[in-house]
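The values are calculated or read from the model by the stated rules, or taken from the named source; none is laboratory data. All values derive from a computational prediction rather than experimental measurement. Note: ideal-geometry Cβ built from the backbone for every residue, glycine included; neighbour counts use all protein chains shown. Surface areas here come from the heavy atoms of the whole protein model, side chains and all, with no ligands, DNA or RNA. Shrake-Rupley method; radii C 1.70, N 1.55, O 1.52, S 1.80 Å.
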Amino acid sequence: MDFTIRIGGEAGQGLQTIGGTLGKIFSRLHYHVFTHQDYMSRIRGGHNYYQIRISEKPLTASRSPVHVLIALDKLTIDTHHDQVLETGVILFDPDDIKGTPDEDVYLPVPFTRLAKEKGGNEIMANTVAVGAILGLFDFEHKIAEQAIRESLAKKSDQIIEGNIKAMQAGYKHVQENKKKVHNFSTSEAQKDDLMLINGMHAIALGAITAGCKFYSAYPMTPSTGIMMYLAAKEKEFDIIVEQAEDEISAINMALGASFAGVRAMTGTSGGGFALMTEGVSLAGITETPIVICEMQRPGPATGLPTRTEQGDLFFVIHGGHGEFSKVVLTPGTPEQAFLATNKAFDLAEKYQIPVFVQGDQYLADCEWTCARFATDKLKFKDYRLRRKDLEELTEYDRYTFTENGISPLAVPGESEHLVVVDSDEHDEAGHIIEDAETRKRMVEKRLYKKTAALRREISPPDLYGAENPDVVLLCFGSTYGVIKEVVDILSEKFTSAMLHFSEVYPFPLTDSFDYTRLLENARQTICIENNATGQFAQLLHAETGFSCSHRLNRYDGRPFTTDSLLENITALLKAS
């Protein structure tokens, strides 16, 4: 069992309502779910779609062929008709979409009319569509009723009951009118409890586990969901969430909160990070811990605000003028995002540096079903000197030279000791200097000593597939899931594996896993990236001297899908 459902229409027609509700229902039926969205940067109009893939087995990516297309407008049929399988079906409202051919692939469902007649309001047409899908697959609709009651808990009983009746009407209509060719036989799901979560919520949860107490940001797609999630949890976890007037204010607010003694974070996309770079340098020279989540979208400038790309890798690695230590983590799954964010806070405070969690629109918006996240790797250690620690010190200098470059980090105002920080170059006490020798020692402290220790904290890449592969697919960040599925299929013909980097800067050492030898022994190495210039392939070459035999780059703002990527890789290997 492996079905793909695509809902298409204009912004404002409720695609996310239908898709989000179905995803929740399928996961509660214990099926595995993977969703992704393709939407324009418009409040109304344009063409958008929401895609859901369901199976009784784990899923990590989207596929192109469609089994069920819900067309909320004529443009959806025109755009996606060719991707509907011969055994598939197109659900549409015959009162809104006229002139469809009399073919078995079309199944008319009067969404709006049923919503009015059974629910009492045409706005419930989306709920009719949910019921129609459940009827098509012969799924029990009691869980759907429960999901509706939960999502509409703040609404009146009349609205809740109206939506339930609308859902039941869609279910009944399809059950009575579907044809024999519309046979979507389903396998019984395992009874494992599955969590449905996207990358943004996973990052926010990771921040909560790490003890984040302050989050400031200016809303910018696709990072806004992190702020929204944390804002909804403010009271529950005692977090202050501040919507700043711009990204300059956002990073400086977070730095101020961190200086004052709490764990702080900010988030943005590439355009907002352009404004944050001076603040990154401020964190570097003042050695103030901060976590920055940079969720990529296509640039330059405003680019494609609601699409995806991996074009900011070099920008983040080199963001901020001057030379100082930093860390860049690039998770590829919700669980990796959860653990990476927790680790980011630990490294930021331990080494008193900026740490980046870098994702993109695809990671941010895609939903996965997951088992419980692994919590044994979570860390929470307070590295700061607080009242009792400071009472034991006879003197304190904020930037004391140490063997590993890490100075004692005191919380100001908790003792008689003065905590001085300065954005100018400074001495151990934090006062401005001009002499060359102190400058040299401070650069070595912030850069060489910390980076040497940080390298031992960076995890090696994950190897998935054959231990001694002939074909290696290299990737970083959000391409993890699609390449994992491609390796599974590719392994039927080739001895293949995926090498995925979720921590890229400083670049991983090879002492625990000599991945460079694996690459050198492989017959073909293909680096796959969502950018035009192959930034990760360049970074790999700069750090290890290894050059991949091939590169596959996509930079149209859309993610790779399993089918198209497999086709491209197979063609490349046959031609080699």
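Quick notes on this one:
- Only one of Ile240, Ile226 that is surrounded by fewer than 19 Cβ atoms within 10 Å (Cβ to Cβ) and among the hydrophobic types (A, V, I, L, M, F, W, C): Ile240
- Yes/no for Leu107 being touching a residue at least 12 places away in the same chain (Cβ under 8 Å), touching a Pro at 6+ places or on another chain (Cβ under 6 Å) and of a type in the set (A, V, I, L, M, F, W, C): no
- Across segment 288-325, the qualifying residues are those that are touching a Ser or Thr at 6+ places or on another chain (Cβ under 7 Å) and at positive phi, and the one among them that is surrounded by the fewest Cβ atoms within 10 Å (Cβ to Cβ) is Gly322.
- Of all residues making up segment 115-154, the number that are open to solvent by 20 Å² or more (accessible area, probe 1.4 Å), touching a residue at least 12 places away in the same chain (Cβ under 8 Å) and farther than 30 Å from Ser187 by Cα: 4
- Here is the figure for segment 34-66: residues that are over 24 Å from Gly12 (Cα atoms) and not polar (S, T, N, Q) total 8.
- Where Thr268 falls short, out of the listed (1) open to solvent by 20 Å² or more (accessible area, probe 1.4 Å); (2) in contact (Cβ under 8 Å) with a residue 40 or more places away in the chain: (1)
- Residue match in segment 480-491 (condition: in contact with an Asp or Glu (Cβ under 7 Å, 6 or more places away or on another chain) and either of a type outside the set (D, E, K, R) or farther than 14 Å from Cys548 by Cβ (or both)): no
- If the condition is being outside any helix (DSSP H, G or I) and not aliphatic (A, V, I, L, M), then segment 462-479 contributes Asp462, Tyr464, Gly465, Glu467, Asn468, Pro469, Asp470, Cys475, Phe476.
- Filtering segment 55-86 to residues that are basic (Lys, Arg) and within 29 Å of Leu194 (Cα to Cα) leaves Lys57, Arg63.
- Single condition Tyr505 does not satisfy, out of (1) among the aromatic types (Phe, Trp, Tyr); (2) over 21 Å from the mean Cα position of the chain (by Cα); (3) open to solvent by 10 Å² or more (accessible area, probe 1.4 Å): (2)
- Selected residue [in a loop (DSSP other than H, G, I, E, B) and either surrounded by fewer than 17 Cβ atoms within 10 Å (Cβ to Cβ) or without any contact (Cβ under 8 Å) to a residue 60 or more places away in the chain (or both)] from Glu428, Glu414: Glu428
- Within segment 84-92, none of the residues are outside any strand (DSSP E or B) and out of contact with any Gly (no Cβ under 8 Å at 6 or more places or on another chain).
- Every residue from segment 345-388 that is over 24 Å from Leu196 (Cα atoms), outside any loop (DSSP other than H, G, I, E, B) and open to solvent by less than 70 Å² (accessible area, probe 1.4 Å): Phe345, Asp346, Leu347, Ala348, Glu349, Lys350, Tyr351, Pro354, Val355, Phe356, Leu385
- Of all residue pairs spaced 6 or more apart or on separate chains, those with beta-carbon atoms under 8 Å, a first member in segment 299-310 that is in contact (Cβ under 8 Å) with a residue 12 or more places away in the chain and a second member that is crowded, with 17+ Cβ neighbours inside 10 Å and aromatic (Phe, Trp, Tyr) are Thr306/Tyr39; Thr308/Tyr362; Gln310/Phe476; Gln310/Phe536.
- Residue that is most open to solvent (accessible area, probe 1.4 Å) [pool: residues in segment 480-502 that are farther than 19 Å from Lys343 by Cα and either in a strand (DSSP E or B) or acidic (Asp, Glu) (or both)]: Glu492
- Being touching a strand residue (DSSP E or B) at 6+ places or on another chain (Cβ under 8 Å), of a type outside the set (Val, Ile, Thr) and within 23 Å of Ser325 (Cβ to Cβ) is a condition met by at least one residue of segment 526-535.
- For segment 110-124, filtered to residues that are at pLDDT below 95 and not in a helix (DSSP H, G or I), the residue that is farthest from Ala71 (Cα to Cα) is Gly120.
- Considering only residues in segment 187-210 that are of a type outside the set (A, V, I, L, M) and in contact with a Phe, Trp or Tyr (Cβ under 6 Å, 6 or more places away or on another chain), the one that is least open to solvent (accessible area, probe 1.4 Å) turns out to be Gly206.
- When segment 532-553 is limited to residues that are part of a loop (DSSP other than H, G, I, E, B) and touching a Cys at 6+ places or on another chain (Cβ under 7 Å), the one that is least open to solvent (accessible area, probe 1.4 Å) turns out to be Gly534.
One line per residue, one yes/no per condition, for (1) more than 22 Å from Gly430 (Cβ to Cβ); (2) of a type in the set (Gly, Ala, Ser); (3) assigned to a loop (DSSP other than H, G, I, E, B):
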site: Val241; (1), (2), (3): yes, no, no
site: Ala264; (1), (2), (3): no, yes, no
site: Gly272; (1), (2), (3): yes, yes, no
site: Glu278; (1), (2), (3): no, no, no
site: Cys293; (1), (2), (3): yes, no, no
site: Phe315; (1), (2), (3): yes, no, no
site: His321; (1), (2), (3): no, no, yes
site: Lys343; (1), (2), (3): yes, no, no
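- If you filter segment 155-186 down to residues that are in contact (Cβ under 8 Å) with a residue 12 or more places away in the chain and of a type in the set (D, E, K, R), you find that the one that is surrounded by the fewest Cβ atoms within 10 Å (Cβ to Cβ) is Lys179.
- Yes/no for Tyr448 being under 29 Å from His36 (Cβ atoms), in a helix (DSSP H, G or I), in contact (Cβ under 8 Å) with a residue 12 or more places away in the chain and not acidic (Asp, Glu): no
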